[in-house]
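Worksheet: one structure, shown below.
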Amino acid sequence: MSDAPTRSGRLQHWDGHAPDLRAWSDPDLLDALRQLGIQTDRETFTAEAIVATSQGAIEDTWLTAATDATEGERVLVWMAVQELWERWRVPAWPRDRMGRMFAYLVDAEFAADWAARCHAPTGMEVIEALDAFVAAQGDGRRALDSLVEELGMPAAAWPAKTLDAMGEWIEVGNMVLAERSGEVMAKVLGEGHTQAFLAAAMMTTRMYDRARAAALAVPHDADVRGGFAEMVGFLCLAAGSSPSARYWLLEAKGRSRPRKSELTFAAEAARGYVGAAENGGGNGDVAQVPDDIRKAAMQAASQSCFYATMAFAGEGPGG
């Protein structure tokens, strides 16, 4: 004869292998938790979450309280913490929750209708929370590197993953989220510029006209380095602006200084063109940049974007 307690309501049909908590009403979920030894409500849970050192701490406390729960029911207890956090929009982002949401943000598409339907935070809510989180840490780059490493993601992976995610958001028309992400990215890295990162994301989605426009919007006092400065310069030349191209390719602080043997034919042709134009040489007019040079510059920009993005993987904290 089984000593298992009798369950009622939605709990009696719960299957930990096919969880459906998002379809449960608040009373259904709270009743199930009560049967498992956990007494809570919206006010109590919100107060508990706001002062929690981590989301995991609440999960552990609830799992300890669920003494009579079966293995499948313990899955419900564990899932209920995040479900209620999102469902009730608790304005608290402890470290482990921030890490989980950021990792999910850069690994999946955040759609507003999906977030509303599933009670999940929107991509913009995650980015805003991330901005506040890193601002409170002092060294934002080191803090975010450490955060993602705790989740098993290499610290060097998140910048490139963020650029990839920005490209996906741009493709579905969520330019606002992409731009805000580029802004936070530049802030955390301590270098770069929103428009430069947007240009890179647009290059990956083959939105070349918009990438050129974004490059032209990067101010000359922006701290854009390495391959990204090169990419911006080539894009400016492809857009017809020799003076801006000259600045980013030949004058900007922190720019790439490749040897001739490291250049592709396209990059060499584009660099040769701006180098031969003394102080712009009157070549600032779109019509004065030959079509073959603009095409070469566009090809060089694509190559620079690829190498600049890949170079992220070689950087550690403070790299």
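Distance between the 7 Å Cα→Cβ label points at Trp88 and Leu216: 5.2 nm. With R₀ set to 22 Å, the beta-carbon distance separating Glu43 from Ala65 gives a calculated FRET efficiency near 0.75. Restricting the calculation to alpha carbons of region 11-92 gives Rg and Dmax of 11.8, 33 angstrom. Taking every Cα-Cα distance in the chain and sorting them into 20 Å bins from zero, the calculated P(r) comes out as 29, 42, 21, 7, 0 percent.
May I ask you to work out the translational diffusion coefficient for region 93-190 at 37 °C, viscosity 0.692 mPa s, via Stokes-Einstein with Rh from the Kirkwood sum over Cα pairs, reported in whole µm²/s?
Numbers: Rh = 13.4 Å.
Value of D from the Cα-based Kirkwood radius: 246 µm²/s.
Amide H to amide H, with H built 1.01 Å from N, Arg255 comes under 5 Å of Gly226, counting only residues 5 or more places away or on other chains. Within region 195-319, the proportion of C-alpha pairs whose separation exceeds 23 Å stands at 21%. Give me the distance in nm between label points sitting 7 Å out from Cα along the Cα-to-Cβ direction at Ser146 and Asp26, one decimal. In this crude spin-label approximation the distance works out to 3.7 nm. Which aspartates and glutamates have a Cα less than 12 Å from the Cα of Lys187, not counting those fewer than 8 places away in the same chain? Within the straight-line cut-off, Lys187 pairs with Asp131, Asp139, Asp223.
Values in this text are rule-based calculations from the coordinates and carry no lab data. These numbers were taken from a predicted model, which means no experiment stands behind them. Neighbour counts are summed over all protein chains in view; Cβ atoms, including those assigned to glycine, are modelled from backbone coordinates with ideal geometry.
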